[in-house]
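Asks: Can you keep this structure in mind? I'll have questions shortly.
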Amino acid sequence: MVPLCPIFQQDPYTMSKGSQLEGYCMDLLSELAKKLSFKYNVHLVKDGSYGRQDESGAWNGMIGEVVRGEADLAIAPLTLTAAREKAVGMTKPFMQTGISILLRKDISEEAGFFDFLTPFSVDTWVGILAAYLGTAVCFCVVARLSPCEWSQPQTEKNSFTLSHSLWYTAGALTLQGTGPHPKALSGRIICCTWWLFGLVLLACYFSNLSTSQGSDSNSLMVKGFEDLANQQGIEYGTLSGSSTLAYFKNSNNPTYRKIYEHMERTKSFVSSMDEGVRRAKEGNFAFIGESVSLDLAVARHCELIRVHEVIGMRGYSIAGTLGSPMLKNLSVAILQLSEAGELSYLRSKWWASSCMADPAKASSLQPHSLKGMFLVLALGLGLGVLLAVLELTAKSRNGAGEQRKSCCTVLSEELSQRFRGTTTNEKRSEETDKEKA
């Protein structure tokens, strides 16, 4: 016997292509026919309906044809429900779906006062502050230690005071540049290391800032049904007379009841899936529907996005006559196709996205690690301070031979003049300048 299979035209399950039919359900039917070695005939459902039971208990649509014996199998996105299970036989689900929310990507939260700090974590900001203070202190110390930077501490005034070091370090970090610049090799090593650190830091900051400003599901104001129910700025609705509406109507969950009452009060229903997608694209409207259908809308319309939360999980199954031995074999074949990854392949084939990924945005999503740059900065600061100490030691050794003193004694005197006597020497220099004036 050749099974008669009514079909329902709906993208991407069953679609006309010339004189042929294609789509997810047609591919699924073909795979099942290969596994179970049967042939089939398909025809469009007469009344263009999936199947609903009227008040007298009679079924219409695809389910009605199977009940009346006009068809053997109904292959379409038929939701597995208790009422249908009583009227016809249903196989194991070939696809899982649920209820979710569709809206525009640019419906996001209001910007906060400190959103400019979001590119880096708190630990990173603390590390940057510590690096800034440490570098400024190293500038100040090296400028006092190095004789190439401060050759005559008795008479010369040191330009790299702590306040100037802080100012110079801040200017270098913001790429503004402030003078005077270090003259000694030790100071220039610290300066170059800090410049490199600043360039990498700014590049990471602006890259992460552009990523955090991007429109994705993490920045959405509505992340789930509770957020949707507790806000007033976005209108929302679902398909009129759909099973999705019945789910909210019959639910005892306070949040879902609140959503239903709002939709019933505002009459924010849509007459078709296309209308719901169109209103979501126009903005300020959230369309509630089956997640599988919403995923297809996201794949076709790049400005839309589906929230992560999915409720009311259910399955799509193939319907057959009650007691048909073929249903058991079909269920086993569906499970085999699922285990072999064939169902996943068909899903990816017919739900393929037409949106082109932005290469710049894809690269900016890579996590930036500044651990290496902090290490390079620490090595640069250490090398600069070490060179300054060596420069001062070399000068002390030369002076020890001329003064006939030990190197340690001369080095101790130099350190005392450069650190302890700094304030006194600067005051003396100022007094001398006043007397000359």
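Asks: Can you name every residue in the stretch 162-174 that is open to solvent by 40 Å² or more (accessible area, probe 1.4 Å) and out of contact with any helix residue (DSSP H, G or I) (no Cβ under 7 Å at 6 or more places or on another chain)?
Replies: Passing the criteria: 163, 167, 174.
Asks: I need a count of the residues in the stretch 175-184 that are at negative phi and open to solvent by less than 70 Å² (accessible area, probe 1.4 Å).
Replies: 5
Asks: Any residue in the stretch 347-369 that is buried (at least 17 other Cβ atoms within 10 Å of the Cβ), within 26 Å of residue 194 (Cα to Cα) and modelled with pLDDT of 80 or more?
Replies: No, the stretch 347-369 contains no residue that is buried (at least 17 other Cβ atoms within 10 Å of the Cβ), within 26 Å of residue 194 (Cα to Cα) and modelled with pLDDT of 80 or more.
Asks: Does any residue in the stretch 151-180 that is in contact (Cβ under 8 Å) with a residue 40 or more places away in the chain and farther than 12 Å from residue 137 by Cβ come within less than 6 Å, Cβ to Cβ, of a residue that is surrounded by 10 or more Cβ atoms within 10 Å (Cβ to Cβ) and among the hydroxyl-bearing types (Ser, Thr, Tyr) six or more places away or on a different chain, and which pairs are these?
Replies: Note: pairs meeting the criteria are 157/429.
Asks: Restricting to the stretch 185-228, count the residues that are open to solvent by less than 50 Å² (accessible area, probe 1.4 Å) and either in a helix (DSSP H, G or I) or at pLDDT 85 or above (or both).
Replies: 21
Asks: So, one more: Out of all the residues in the stretch 89-112, is one or more touching a residue at least 60 places away in the same chain (Cβ under 8 Å), farther than 22 Å from residue 299 by Cα, more than 43 Å from the chain's Cα centre (by Cα) and surrounded by 24 or more Cβ atoms within 10 Å (Cβ to Cβ)?
Replies: no
Asks: Within the stretch 11-67, take every residue that is among the polar types (S, T, N, Q) and either under 18 Å from residue 90 (Cβ atoms) or in a strand (DSSP E or B) (or both) and give me the one that is most open to solvent (accessible area, probe 1.4 Å).
Replies: 20
The values are calculated or read from the model by the stated rules, or taken from the named source; none is laboratory data. These numbers were taken from a predicted model, which means no experiment stands behind them. Neighbour counts run over all protein chains shown; Cβ positions are idealised from the backbone, glycine included. These accessible areas exclude ligands, DNA and RNA; they are computed on the full protein's heavy atoms, side chains included. Shrake-Rupley method; radii C 1.70, N 1.55, O 1.52, S 1.80 Å.
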